[in-house]
Amino acid sequence: MQEFFGDVEIVKANIVTIKDATRKIAEINQNVLQATTTDREQDFSHELEPLVKATNKKATIAKQLLQRLNEDTARK
């Protein structure tokens, strides 16, 4: 049972991280739309890429944990 609640805490932490990253991604996208030069636009794009990759990793981890928790709960 302790492992279950530990996994739930990991999922919750990942969700908070994903929410924060989503706000930052929206902010960067807005900056890209307002960029006045292609160099500035590229700077924002380079900032965006690692953030999107990291966010996708967190989302994948959360999804896998949720699936495992669902399967474990269904078996019991």
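Read the figures in this text as sums done on the coordinates, not as results from a lab. Keep in mind it's a predicted model, so treat the numbers as computed, not measured. When we count neighbours, we look across all protein chains shown, and the Cβ atoms used for this are built from the backbone with ideal geometry, even at glycine.
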Note the full-extension length gain between LYS63 and ARG75 as 0.36 nm times their separation in residues minus their Cα-Cα distance, in nm to one decimal.
2.5 nm
Förster radius 30 Å - calculated FRET efficiency between ASP43 and LYS19 (Cβ-Cβ, nearest 0.05):
0.75
Using the C-alpha atoms of the chain, what convex hull volume per residue, in cubic angstrom, is computed?
67
Taking the Cα atoms only, what angle lies between the long axis of helix 38-75 and the longest principal axis of the chain, rounded to 10 degrees?
10
Kindly express, to the nearest 10 degrees and within the range 0 to 90, the angle between helix 2-34's C-alpha long axis and the longest C-alpha principal axis of the chain.
10
Straight-line reach from LYS19: which lysines have Cα under 28 Å away, leaving out those fewer than 8 places along the same chain?
LYS53, LYS57, LYS58, LYS63
Pairwise label distance in nanometres, PHE4 with LEU51, each label 7 Å out on the Cα-Cβ vector:
3.8
